[in-house]
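Okay, so here's the structure we're looking at.
The values are calculated or read from the model by the stated rules, or taken from the named source; none is laboratory data. Since the structure is predicted, the reported quantities are computational estimates derived from the model, not experimental observations. Ideal geometry is used to build each Cβ from the backbone, glycine not excepted, and the neighbour counts take in all protein chains shown. In case anyone asks, the SASA skips ligands and DNA or RNA and just uses the protein heavy atoms, side chains included. Shrake-Rupley method; radii C 1.70, N 1.55, O 1.52, S 1.80 Å.
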Amino acid sequence: MRGIQEGALQSVLSAEIDACAFYEACGYQKTSEPYTEDGVLCVEMTKQLKTAVK
């Protein structure tokens, strides 16, 4: 994944409610309450890509 190679720690997306099960199967978790975006009910979803190194 290019994001991991460039140092990204997480991926955040706006998912339509009907697509949540797909994204959950891909490892994403809901991180917001439902909201309307362009007239479509959505939620923010986040997936941890790796842990930050201290």
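Within the range 24-54, the residues that satisfy the criterion of being at pLDDT 95 or above, part of a loop (DSSP other than H, G, I, E, B) and among the polar types (S, T, N, Q) are 31, 32. The number of residues in the range 13-35 being open to solvent by less than 100 Å² (accessible area, probe 1.4 Å) and either out of contact with any Leu (no Cβ under 8 Å at 6 or more places or on another chain) or touching a residue at least 60 places away in the same chain (Cβ under 8 Å) (or both) comes to 12. Scanning the range 13-52 for residues that are basic (Lys, Arg) and under 11 Å from the mean Cα position of the chain (by Cα) returns 30, 47.
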